[in-house]
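Colleague: There's a structure below that I have some questions on.
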Amino acid sequence: MEPGDHRSVAYSDEAELEPVLAPFVLDGLTGRDKVLYLTDVTHPAVVTGLLRGWGVDTEAHAGRLDVVRLGTSDPDEIVTHVAEAARQAVGEGYRALRFTGEMSWAVREGTQSLTDFETKIQALFDSGVAMGVCQYDRRLFPPAALSELLRMHRAADVTLEFDGALLRIRRVAQPPGIELEGEIDGHGLGELTRALASAVRRERGDVHVDMSRITFIDLSGLRALVDTASALEAGRSLVLSRVPEHVAQLIRLIGWDAVPGLRVYEGDAPGGNR
C-alpha cells in the first residue's frame, strides 16, 4: 500500500485479520511510515498481544506504533484524531501514517455516520499523508449495510499473506496451509517463517505447503520448512506438495525427507487435491 490507499477487511474472527494487518503493520514499521491502530471494543492490550503473536516486536517499535482506544464514536472526532496523528508523523520525518481501526463504533452511531466518516477520511488519504485499512466485523453489521460500505474501499485480499518483489505467499483453505510463489532466499526467509508459524497456529491438523510455483529456494528456506516440521507435535505433519523435482532431489540428498513430521511429494499429496 502507498499513501492515499484506502482499503477494508471484513472478518468473522481475529485469524482473518492477520494476513491483512500483519504485513500492513510490519511493512510500515520496517519501512518509512508510522502506524496508528485504533481500537473500539477490543482492549489495546489484547491488540498488542495479537500483534506480538503475528511477529510484530511492539516493544522495539514503541513510539512508532501506537495502539489506542478511541474513547469516542463521533466520526468527526475520529477523523480529527487521525489527521493530527498524520500531521505529527510527517512532522517527525516519516513518509506517512498507516492507520487501521475497528469500525464497530458505527453500530452505535448508525451507518450514515460511518458513510460520512469514510468520505472524510478518504479526503485525508488523498492528501498523501496517510493510508488506511478499515476493519469491519461481519458479526456486527447487517449484510446489506456491510456490502455497501465495502464498496467504498478497495477490498483487501485476505488470502495474500505476503506480496514482495520476489516472493508471494497466500493462505489456502483446501487443503489447509499456504501456497508459495517465486524465490526464497535470505530476503524472504523472515516472511516464510512468519507464514509457516501462522499456519501452524491456525490449523489443527496437517499444514500443507504448495510449492508448484517456486522457482528457487536456498538451504535457509528449506531449513525453515524442516524446522517447522520438526517442531510439530506428534500426529501432525508439514506436507510439501508439488515440489519441483530438483528441490525434492536436494531434500532427499541431504536426508531431510526422513525428518519426523515432514512429508514430501513431487505431485499432489494423497487426499490433498483442490
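Colleague: Condition first: within 24 Å of T48 (Cβ to Cβ) and open to solvent by 50 Å² or more (accessible area, probe 1.4 Å). Now tell me which residues in region 69-94 satisfy that.
Modeller: Passing the criteria: R69, G71, E77, H81, E84, Q88, E92, Y94.
Colleague: While we're here: Could you tell me whether G49 is at positive phi and either out of contact with any helix residue (DSSP H, G or I) (no Cβ under 9 Å at 6 or more places or on another chain) or open to solvent by 40 Å² or more (accessible area, probe 1.4 Å) (or both)?
Modeller: no
Colleague: Specify the residue that is farthest from Y136 (Cα to Cα); the eligible residues are those in region 103-112 that are in contact with a helix residue (DSSP H, G or I) (Cβ under 9 Å, 6 or more places away or on another chain) and in contact (Cβ under 8 Å) with a residue 40 or more places away in the chain.
Modeller: Result: W105.
Colleague: Okay, next question. Since A62 meets every condition but one in (1) closer than 23 Å to G49 by Cα; (2) touching a residue at least 24 places away in the same chain (Cβ under 8 Å), which condition does it not meet?
Modeller: (2)
Colleague: Further question: Answer yes or no as to whether T42 is of a type in the set (V, I, T) and surrounded by 14 or more Cβ atoms within 10 Å (Cβ to Cβ).
Modeller: yes
Colleague: Of all residues being of a type in the set (D, E) and touching a residue at least 24 places away in the same chain (Cβ under 8 Å) in region 222-274, which is least open to solvent (accessible area, probe 1.4 Å)? Just the residue, please.
Modeller: The extreme case among them is D268.
Colleague: Still on this structure, I have one more. Look through region 204-217, keep the residues that are assigned to a loop (DSSP other than H, G, I, E, B) and open to solvent by 40 Å² or more (accessible area, probe 1.4 Å), and return whichever of them is nearest to H187 (Cα to Cα).
Modeller: So, considering only residues that are assigned to a loop (DSSP other than H, G, I, E, B) and open to solvent by 40 Å² or more (accessible area, probe 1.4 Å), the one nearest to H187 (Cα to Cα) is D206.
Colleague: Does A96 meet the test of being over 19 Å from the mean Cα position of the chain (by Cα) and more than 29 Å from G190 (Cα to Cα)?
Modeller: no
Colleague: If we keep just the residues of region 1-25 that are in contact with a Leu (Cβ under 9 Å, 6 or more places away or on another chain) and open to solvent by 10 Å² or more (accessible area, probe 1.4 Å), which is farthest from V133 (Cα to Cα)?
Modeller: Among residues in region 1-25 that are in contact with a Leu (Cβ under 9 Å, 6 or more places away or on another chain) and open to solvent by 10 Å² or more (accessible area, probe 1.4 Å), the one farthest from V133 (Cα to Cα) is E14.
Colleague: If a residue must be in a loop (DSSP other than H, G, I, E, B) and open to solvent by less than 40 Å² (accessible area, probe 1.4 Å), how many such residues does region 171-202 contain?
Modeller: Count: 4.
Colleague: While we're looking at this one, here's another question. Could you give every pair whose Cβ atoms fall below 6 Å, whose first residue belongs to region 170-191 and is on the phi > 0 side of the Ramachandran plot, and whose second residue is among the β-branched types (V, I, T) and modelled with pLDDT of 90 or more, counting only separations of at least 6 or pairs across chains?
Modeller: G177/V207; G177/V209
Colleague: Let me ask something else about it. Only one residue in L114, L21 is at pLDDT 90 or above, not charged (D, E, K, R) and not in a loop (DSSP other than H, G, I, E, B), so which one is that?
Modeller: Result: L21 is the single residue among L114, L21 that is at pLDDT 90 or above, not charged (D, E, K, R) and not in a loop (DSSP other than H, G, I, E, B).
Colleague: Pairs only if they're at least six apart or on different chains, beta carbon under 6 angstrom, first in region 1-15 and over 23 Å from D33 (Cβ atoms), second assigned to a loop (DSSP other than H, G, I, E, B); list them, first residue then second.
Modeller: A10/R138; S12/R138
Colleague: Among residues belonging to region 117-128 that are surrounded by 20 or more Cβ atoms within 10 Å (Cβ to Cβ) and among the aliphatic types (A, V, I, L, M), point out the one that is farthest from the chain's Cα centre (by Cα).
Modeller: L124
Colleague: Name the residue that is most open to solvent (accessible area, probe 1.4 Å), counting only residues in region 129-147 that are under 27 Å from H43 (Cβ atoms) and among the hydrophobic types (A, V, I, L, M, F, W, C).
Modeller: Of everything passing the filter in region 129-147, L140 is most open to solvent (accessible area, probe 1.4 Å).
The values are calculated or read from the model by the stated rules, or taken from the named source; none is laboratory data. Just so it is clear, the structure is predicted and the values come from calculations on it, not from any experiment. Reconstructed Cβ throughout: ideal geometry from the backbone, glycine too, with neighbour counts over all protein chains shown. Areas reflect the complete protein model, heavy atoms only, side chains present, ligands, DNA and RNA absent. Shrake-Rupley method; radii C 1.70, N 1.55, O 1.52, S 1.80 Å.
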